[in-house]
Every structure is written in C-alpha cells, then in structure tokens.
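Since the structure comes first, as structure tokens, the remarks are kept for the end.
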Amino acid sequence: MTVQTDPIWSSLPVPALLIDPDENIGGVNPAAEGFMNSSAKSLIGQPIWDRIHVDAPLEESLIRARDHGTALFVNDVDVGTGNRAPLVCNLQIAPLQGQQNWMIMLISPRELAGRMTQNHSVKSAAKSAIGMAEMLAHEIKNPLAGITGAAQLLSMSLPPEDLEFTDLIVEETRRIVKLLEQVEQFGNLSAPERREVNIHDVLDRARRSALLGFGGHMTIVEDYDPSLPMALGDPDQLLQVVLNLLKNASEAADSKGGNIRLHTYYDHSFRTRRADGATQVLPLQIEVIDDGKGLPPEIAGDVFDPFVSGKENGTGLGLALVSKIISDHDGWISVDSVPGRTVFRISLPRAVTKPAGTAQESK
C-alpha cells in the first residue's frame, strides 16, 4: 500500500487506520500514531483488535460491513489503546476504494471537538466572577466588619444565656468575610510567569505537601513517564492546581483513606484553539486519579464554573480557580467521574528550547 506517502492521508486531522482482509493494521496516518502513542512501524501488521480496544462488539459488525461493502458508524464509544486512557469517540469504518476487502477506520475523539469553545467559556465565566469579586469585596466587607464589632460590643452587656446569639452573628459574619477573601483571591490571581518547568518536580512537591497535611490518610502513587519533556508554565500556579486537585481527592475518601494515582504521559494529538485563532498543541498529560465516591451527577458537567460545589458549605471556587489557571496557561482540563474512579486530566504545552547557538550574542 502506497497510501502512507500520500500527502492527503498524512494531512488528515483525525486518527485513520487501514485494516487489511485479515483484520490486521495495514497503515496508519500521523494522527493515529499520536493517538495510539506508537509508531507506524510497530503498528503495521498487528491485529487491529489487539491495539484498539472499543467498548462495543465491533468484530462481527466489521465483518458484515466488509462482506456487504457498506459503511459502519458507531457513536459515543470508549476507545482505548493500552497506552492511554480511553476516550469517548465516534468511529467511521468504510470500504477502501480500489482495494478489495480493505477497510478504513476514522476515529474522532469527542473531547477534541469540544475544545474550541471550552477555553472561551472558562475565561468568560472567570471574567464574570472577577467582576463579582470586586463588587462583593467593596460593598460587603466593610459593613460586615461593623456588624461583627457591634455584636461583640452587645455581648458585653448580655447575660450568659444570650451570648450564643451574638456568638452566632460573629461566627457567621467571619465565615462570609472568609468567603469574600477567597473570591478576592480568585479575582486577583496574576498572569502566569511561564518558563520551562519539570512537571514531575511540581507533582512531587504537591505530593509531599499533601501527605504532610490534608492527605495524610491517603496513599499517593506515582505513575510517571520519565521521558516527558519540559512543560511551559508557572511552577507556583501549577503547584496550586495540583494541590487543589489532591485536596479534593482526599476529601472524597472516607475516614479510612483511599488511593490517588498521579499519572503522566505524552500525547501530541491533544490540541486546542487559542483566542488568536492559532492551534495550540497540548501534548503533556497529567492525570489525578482517585477511588473516592465521585462527583454528584447533577453538577458533574459544571464543576469548573464559579460557585458550583458538591461539598457541604463549599464555596465552589476551588475548581473554578484551577480551570482559570489552566486556561491562562493555554491548557485544557477535563474530568471523568463515576463512583470509585474520578480522573482530572490536565493538558499542557511543552516548552520549546531553542537550539544552541541560534541566539544572537549581544555586543
């Protein structure tokens, strides 16, 4: 097959595979190499169903489609490769014209289709929350200080049995002030100072901090790709992101504790579109995986929006702050949650190091 050198084949933006009459991989395009995290040389000749794992009974359907010369469309199925976590995808399988009993399979990850609008919606929600933060801080914090002071003065002249009422006033006003301070932190976050970052150093710092504090009852396992290149990011802000995700995972476990896995891998098929219209490749993948109770189904699709929380007395700002930081890094964050397995996945750009000797020396 000469399709491997066809420029149209190489330019296809979605993973594409050729399937020979014996159900082996006969060809893959560059997007498929990235999706499967394997080279064409290692894939060609391998049984298709050994390298592609689909959460649907496709073997017999593929045989029928080949026998009848018809196309096969399968939507919303989990597709994995053994080298990466499954993604929800749409599959299109059709006969390859001019090659008897050969089929072509196109894999369209649904997550990638949603990238175009996600960053814009995240930044829009963040901008609204920032405006609200400024208004709340200015209009509410000063009156609350007066209410707290008045309640404390009033408590000096009350009998002991009535002090619980003034104590309640002071406690609740302080709680509201604390919430406003969190809102201010969300609004005052500075732009990231991006540079080369070893993401594993960030994860190690977060892991050690978690085990010494809020995550002392958890088991945190490292599952790193040691060949991962440097990321482009602000190490302090990325540390804040990982700490927040670890804290959520720790709080999702019961009192006996639970397990958290920090997983990193490389996947150059992940990309998004920046505000200026340029395509941003996001090959560095970080997953924070826990075995807790999972997100409440009614908020699972909105957890990155400000003031959405599944915790009792939660502010709903933690994950909104995480989303804002990742968005400011031109990255992407998603969550997949069922009881017993919640995966927060972060996709980041890699740092591009200029070759030695390319910089012009100053005179």
So is Arg51 basic (Lys, Arg) and either at pLDDT below 85 or within 16 Å of Pro15 (Cα to Cα) (or both) or not? yes
Going by what's in this entry, would Asn101 be described as farther than 30 Å from Val288 by Cα, touching a residue at least 60 places away in the same chain (Cβ under 8 Å) and either within 31 Å of the chain's Cα centre (by Cα) or surrounded by 13 or more Cβ atoms within 10 Å (Cβ to Cβ) (or both)? yes
I'd like the full set of residues that are closer than 27 Å to Gly318 by Cβ and open to solvent by 90 Å² or more (accessible area, probe 1.4 Å), limited to region 144-181. Leu168, Glu171, Arg174, Arg175, Lys178, Glu181
I need the full set of residues from region 12-22 which are within 12 Å of Gly45 (Cα to Cα) and either aromatic (Phe, Trp, Tyr) or open to solvent by less than 40 Å² (accessible area, probe 1.4 Å) (or both), in order please. Leu17, Leu18, Ile19, Asp20
Considering residues that are without any contact (Cβ under 8 Å) to a residue 24 or more places away in the chain, β-branched (Val, Ile, Thr) and either at positive phi or not in a loop (DSSP other than H, G, I, E, B) (or both), the number found within region 1-24 is 2
Starting from region 140-165, take each residue that is on the phi < 0 side of the Ramachandran plot and of a type in the set (Val, Ile, Thr) and list its partners that are assigned to a helix (DSSP H, G or I) and open to solvent by 50 Å² or more (accessible area, probe 1.4 Å), counting only C-beta distances under 8 angstrom and pairs at least six apart or across chains. Ile140/Ile176; Ile147/Ile169; Thr148/Ile169; Thr148/Arg174
At pLDDT 80 or above, in contact with a helix residue (DSSP H, G or I) (Cβ under 8 Å, 6 or more places away or on another chain) and not in a helix (DSSP H, G or I) - does that describe any residue in region 166-186? no
Between a first residue in region 223-243 that is aromatic (Phe, Trp, Tyr) and a second residue that is modelled with pLDDT of 95 or more and assigned to a helix (DSSP H, G or I), which pairs have beta carbons less than 8 Å apart while being 6 or more apart in sequence or on different chains? Tyr224/His200; Tyr224/Leu203
Please count how many residues of region 25-71 are buried (at least 18 other Cβ atoms within 10 Å of the Cβ), touching a Ser or Thr at 6+ places or on another chain (Cβ under 9 Å) and part of a strand (DSSP E or B). 1
Could you say whether any residue in region 252-268 is aromatic (Phe, Trp, Tyr) and surrounded by 18 or more Cβ atoms within 10 Å (Cβ to Cβ)? yes
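The values are calculated or read from the model by the stated rules, or taken from the named source; none is laboratory data. Fair warning: this is a prediction, and the values are worked out from it, not measured in the lab. Quick reminder, even Gly has a Cβ in these numbers, built from the backbone with ideal geometry, and neighbours come from all protein chains shown. Accessible surface areas use protein heavy atoms only, side chains included; no ligands, DNA or RNA. Shrake-Rupley method; radii C 1.70, N 1.55, O 1.52, S 1.80 Å.
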